[in-house]
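Notes follow once the structure below has been shown.
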Amino acid sequence: MRKLVYYVASTLDGFIAAPDGSYDFFPLEPDVTAHLGAAYPQTIPTFAHPQFGIEQPTGRFDAVVMGRTTYDPALAAGITSPYAHLRQYVVSRSLPPSTDPAVEIVAGDPVAFVRDLKGRAGGDIWLCGGGDLAGQLLPEIDELIVKLHPIVAGSGVPLVRRDFDPHRFTLAETTPFDSGLIILRYLTR
């Protein structure tokens, strides 16, 4: 069965974006950039592949699920298919059906949709964000990969937004970098 993997950048205090949804305060350090291009090339937007030297991204993911707020910056830049190398699903009750055949707008229950998607043949599914969608899908997350930046933001979009309901994960791997970032990989218990 396919896994839902929440792969995301976070501050030390648990924010994945600023209050306005921007995330440009996360630095792209050279030591981390090289690793991400090699280890997680499918999570890099298609338009940025030349900058990372990626010709054909391969790896574990063949689909990405994201919320509307995560998708909005691409739309604002005129990009309807930010991850054209993956099957893209945008969870939104307010967006009209996509005119781009590589993007499907999911207006229904995201939990039911992801359960169905996990039962289909294919590679793992990358949960790109954001915090609201991660909160809804938390019971379906099989793996959590956090790029933990040595930054305290104070406020913003939380890693997971939901009512108090603790979910425990088991640490499977840590990858530290000289720049201070640590990639933490957790599995569900």
Worksheet item: (1) within 24 Å of V32 (Cα to Cα); (2) more than 17 Å from the chain's Cα centre (by Cα): which one isn't true of L148, the others all being true?
Response: (2)
Item to complete: Report whether or not L4 is crowded, with 18+ Cβ neighbours inside 10 Å, among the hydrophobic types (A, V, I, L, M, F, W, C), under 23 Å from I145 (Cα atoms) and modelled with pLDDT of 95 or more.
Response: yes
Practice prompt. Please give the number of the condition F113 fails out of (1) modelled with pLDDT of 95 or more; (2) surrounded by fewer than 17 Cβ atoms within 10 Å (Cβ to Cβ); (3) within 13 Å of L4 (Cβ to Cβ).
Written response: (2)
Item to complete: Please specify each residue of the range 47-66 satisfying the condition of being at pLDDT below 95 and buried (at least 18 other Cβ atoms within 10 Å of the Cβ).
Response: P57
Worksheet item: Among the residues of the range 122-163, how many are buried (at least 18 other Cβ atoms within 10 Å of the Cβ), among the small types (G, A, S) and part of a loop (DSSP other than H, G, I, E, B)?
Response: 3
Item to complete: May I ask you to list the residues in the range 1-27 that are of a type in the set (V, I, T) and outside any loop (DSSP other than H, G, I, E, B)?
Response: V5, V8, I16
Discussion item. For the condition aliphatic (A, V, I, L, M) and farther than 25 Å from D20 by Cα, what is the one hit in L187, L159?
Written reply: L187
Practice prompt. Return a yes/no flag: does the range 20-35 have any residue that is over 18 Å from L159 (Cβ atoms), open to solvent by less than 60 Å² (accessible area, probe 1.4 Å) and in contact with a strand residue (DSSP E or B) (Cβ under 9 Å, 6 or more places away or on another chain).
Written response: yes
Response to the item:
Residue count, the range 2-30, condition more than 17 Å from I182 (Cα to Cα) and among the charged types (D, E, K, R), comes to 4
Worksheet item: Out of the range 73-121, which residues are closer than 21 Å to G59 by Cβ, touching a helix residue (DSSP H, G or I) at 6+ places or on another chain (Cβ under 6 Å) and assigned to a helix (DSSP H, G or I)?
Response: V114
Fill in: Condition check for T11: open to solvent by less than 20 Å² (accessible area, probe 1.4 Å) and farther than 24 Å from V103 by Cα
yes
Response to the item:
Of those in the range 164-189 that are of a type in the set (G, A, S) and in a loop (DSSP other than H, G, I, E, B), the residue surrounded by the fewest Cβ atoms within 10 Å (Cβ to Cβ) is G180
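The values are calculated or read from the model by the stated rules, or taken from the named source; none is laboratory data. These numbers were taken from a predicted model, which means no experiment stands behind them. Neighbour counts are summed over all protein chains in view; Cβ atoms, including those assigned to glycine, are modelled from backbone coordinates with ideal geometry. For the accessible areas, the whole protein counts, side chains as well, though only heavy atoms, and no ligand, DNA or RNA atoms are used. Shrake-Rupley method; radii C 1.70, N 1.55, O 1.52, S 1.80 Å.
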